[in-house]
Amino acid sequence: MDTTGQRALSSIASKVIMAVAGVFLLVFLSLHLGINLLLLADDGGVAFSAAAGFMGTNPVIRMMELVLFGGFALHIAFGVIVSIRNRKSRPIRYQHRSLSETSPFSKYMMHTGMIVLLFLALHLIDFYFIKLGIVAPPPGIERHDFYHRAVLLFSDPTYSAIYLVSFLVLGFHLNHALQAAAQTLGLNHPRYTPLIKGASALYAMIIAGGFMAIPLRFTLFN
């Protein structure tokens, strides 16, 4: 196989790994949203705290955390690799216009991905690192009391705005990411393209809208 063929094969393999890791993260986001929506229940955080306690003490879930971080690492690493390769090989294109390239945000995937990564770091500091004891909790709040930590954070309109903008960017990223994953996994077909586009947009709106509802609830109605 010549050098060009090897590069093409390597590029395809990188995209497949990134896509598979991304699909895994989509499943995680759905589960994470389902648990976090319990914050909206008018029960003083009882349901959410019970769910969070189960997630934090179940050994299977704890093992899955390692898999999750591995998925994030793979998706980020291969996302950067694919982005760099695409920039270096602009003349090399598919013979037909890909499904993912029809998205107006396709050119900004690297940018939205970096914003999501920065937000992830902030989110880990706000919650996960406190649970691990790496970051000290605010005065008056226990280390594992995520409910009152969320109430405190989202009572600040400025902080809520940061989360809202981040979730909006996440929605744009997810919308294109699903289409790109479908393209990479060979699902690009005239018959399925409208369905994939619609499903991508719907999923992105549900995830982004669901997460945005949480800071809005505590900012506007707390």
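Throughout, read-outs are computed from the coordinates displayed, never taken from laboratory work. Worth saying up front: this structure is predicted, and the values here are computed from it rather than measured. A quick note on method: Cβ atoms are made from the backbone with ideal geometry, for glycine too, and the neighbour counts reach across all protein chains shown.
A few comments on the model shown:
- Nearest-ten-degree value, helix 3-36 long axis tilted from longest Cα axis of the chain: 20
- Descending by average beta-carbon neighbour count within 10 Å, the peptides 169-179, 121-131, 13-23 line up as 169-179, 13-23, 121-131, the highest first.
- Efficiency of FRET from Cβ geometry, Tyr159 and Tyr192, R₀ 41 Å, rounded to 0.05: 0.50
- Nearest-ten-degree value, helix 59-88 long axis tilted from longest Cα axis of the chain: 40
- For the range 3-221, the residue among Met18, Ala50, Leu120 whose Cα projects farthest onto the positive side of the dipole built from Cβ charges is Met18.
- Per-residue [θ]222 nm for the chain (sum of -39500 (n - 2.57) over DSSP H runs n ≥ 4, rounded to 500): -25000 deg cm²/dmol
- Placing +1 on the Cβ of every Lys and Arg and -1 on the Cβ of every Asp and Glu, with nothing else charged, gives the chain a dipole about its Cα centre of roughly 1100 debye.
- Considering only Tyr108, Thr184, Ile206, the residue lying farthest towards the positive end of the dipole of the range 3-221 is Thr184, judged by Cα position with unit charges set on Cβ.
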